[in-house]
1. So which pairs qualify, if the first residue must be in the range 49-75 and within 19 Å of residue 332 (Cβ to Cβ) and free of Cβ contacts under 8 Å to residues at least 60 places away in the same chain, the second must be open to solvent by 10 Å² or more (accessible area, probe 1.4 Å) and within 13 Å of ligand 1 (Cβ to nearest atom), the Cβ gap must be under 6 Å, and the two must be at least 6 apart or on different chains?
2. Find the residue count for the range 5-36, including only residues that are open to solvent by 10 Å² or more (accessible area, probe 1.4 Å) and either within 16 Å of ligand 2 (Cβ to nearest atom) or on the phi < 0 side of the Ramachandran plot (or both).
3. Given the structure, is residue 114 touching a strand residue (DSSP E or B) at 6+ places or on another chain (Cβ under 7 Å), open to solvent by less than 60 Å² (accessible area, probe 1.4 Å) and away from ligand 1 (no atom under 16 Å from the Cβ)?
4. Name the residue, out of 395, 353, that is touching an Asp or Glu at 6+ places or on another chain (Cβ under 7 Å) and closer than 19 Å to residue 301 by Cα.
5. Can we say residue 250 is away from ligand 2 (no atom under 16 Å from the Cβ), over 20 Å from residue 189 (Cα atoms) and among the aliphatic types (A, V, I, L, M)?
6. Quick one: how many residues across the range 274-291 are open to solvent by 10 Å² or more (accessible area, probe 1.4 Å), assigned to a helix (DSSP H, G or I) and within 16 Å of ligand 2 (Cβ to nearest atom)?
7. Determine which member of the set 350, 367, 320 is away from ligand 2 (no atom under 16 Å from the Cβ) and part of a loop (DSSP other than H, G, I, E, B).
8. When you check residue 248 against the structure, is it modelled with pLDDT of 95 or more, assigned to a loop (DSSP other than H, G, I, E, B), touching a helix residue (DSSP H, G or I) at 6+ places or on another chain (Cβ under 9 Å) and away from ligand 1 (no atom under 16 Å from the Cβ), yes or no?
Amino acid sequence: MRPLLLKGVRPYGEGDPVDVLIRDGVIAEIGSVTADDVEVVEGSGAVLLPGFVDLHTHLREPGREDTETIETGSKAAALGGYTAVFAMANTDPIADNAVIVEHVRRRGVEVGLVDVHPVGAVTVGLKGEKLAELGTMAKSAANVRVFSDDGHCVHDPLIMRRALEYSKALDVVIAQHAEEPRLTVGAQAHEGEQAARLGLQGWPAAAEESIVARDCLLALHAEAKLHICHVSTTGTADVLKWAKARGTNVSAEVTPHHLLLTDDRLSTYDPVNKVNPPLRTGTDVQALRQALADGVIDCVATDHAPHAVQDKDCEWAAARPGMLGLQTALSVVVETMVKTGLLDWRGVARVMSERPAEIAGLPDHGRPIEVGEPANLVLVDPDATWTVRGAELASVAGNTPFEGMELPGVVTATLLRGRVTAGRIPA
Ligand code: DOR
Ligand code: ZN
């Protein structure tokens, strides 16, 4: 592979443009670089960041290749600026054993556009009854580092406690989908004025917050690492702040859709807005933004959830929850966090790359932009805008709630170990 010279780019959006020379997948030089026999990429002052890491992606393979595959999901990820993604375990068959996680890992390597790390299920069949073989999956060729029953809550406190104890011994993370199932039977929308007006069964904030509080205490006592998926309420942010102050080893993610959209969107009953946990209120949105800016919430994760047309173009109650996120995440973060002054580009690098890489223990992602570091990078045009069209996204499914929106921030190139995986530049 010929060396690549990024001409006139701004690491972290700071200072005057510099040139970055990449050789053998590693950053070789930063400054004013002249070199022969290199592939030149004109940066035109674009912002250079470490490649994004998504702790929460549904790639649907195996089982629902009619909605997404590891290949199409990897393309969407690369186009969104990602260099590593964590593929959730709720596939069919479920990723609760070494055979499935090794298959997902291998397929990701074959596609080669983004590092695909399989998430292992915490319990057999995501049923919440019996622990899956966490150790076997952790020690398999897939080297599983994150375990989650996402889509389901590990609701039994005894099972959750055991999972945390095992996770400590294995030095892995348990990522909890916090939803007390007894409080969300039949739930269709955030419990509040909007759900009442629309006649939809409510999903109370307490169903999330009570599990988060319980699990923070379990993790504190077990001295284990806990990660909270898709935080959606003000109260959860408060609990996390308290738990972190107490020394709990807890991290948390927020999705782009919970940073931008509210349950006002539900008035049309369009199931594109149905997601779990549900869209909440404007007050929650503001609290989540602030918590992300303050570090109470560590990172952004997409919860990219492709669904087939027949599972979305139907009546609200029958529709599946979930929305696409990989290709729109950066732009939503720019809209909600950068344009509002809550984060600068260093902050974007922190929440989209550095913190998620640290949480999952990825040594080669989320690294500083320095000589000798792996060239897992993304170039962003901060001034450009684009209009989201579901049909034009790389995913098989098209269920984006951002359809037709003009959003700021365009990914112009993504580099995985120095190789261009997306963008306008010759690969
Ligand atoms: O909206 C969601 N969709 N939330 C989840 O927890 C699961 C996901 C899916 O798999 O579709
Ligand atoms: Zn979930």
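The values are calculated or read from the model by the stated rules, or taken from the named source; none is laboratory data. Please read these numbers as outputs of a predicted model, since none were measured by experiment. FYI the Cβ positions are ideal-geometry reconstructions off the backbone, even for glycines, and counts take in every protein chain you see. The area values use the complete protein model at the heavy-atom level, side chains included, leaving out ligands, DNA and RNA. Shrake-Rupley method; radii C 1.70, N 1.55, O 1.52, S 1.80 Å.
1. none
2. Adding up the residues that qualify gives 17.
3. It is true that residue 114 is touching a strand residue (DSSP E or B) at 6+ places or on another chain (Cβ under 7 Å), open to solvent by less than 60 Å² (accessible area, probe 1.4 Å) and away from ligand 1 (no atom under 16 Å from the Cβ).
4. Unique residue meeting the criteria: 395.
5. yes
6. Adding up the residues that qualify gives 0.
7. On the way: 350 fails: part of a loop (DSSP other than H, G, I, E, B); 320 fails: away from ligand 2 (no atom under 16 Å from the Cβ).
None of the others qualify; the one that does is 367.
8. Considered against the rule, which asks whether it is modelled with pLDDT of 95 or more, assigned to a loop (DSSP other than H, G, I, E, B), touching a helix residue (DSSP H, G or I) at 6+ places or on another chain (Cβ under 9 Å) and away from ligand 1 (no atom under 16 Å from the Cβ), residue 248 comes out as yes.
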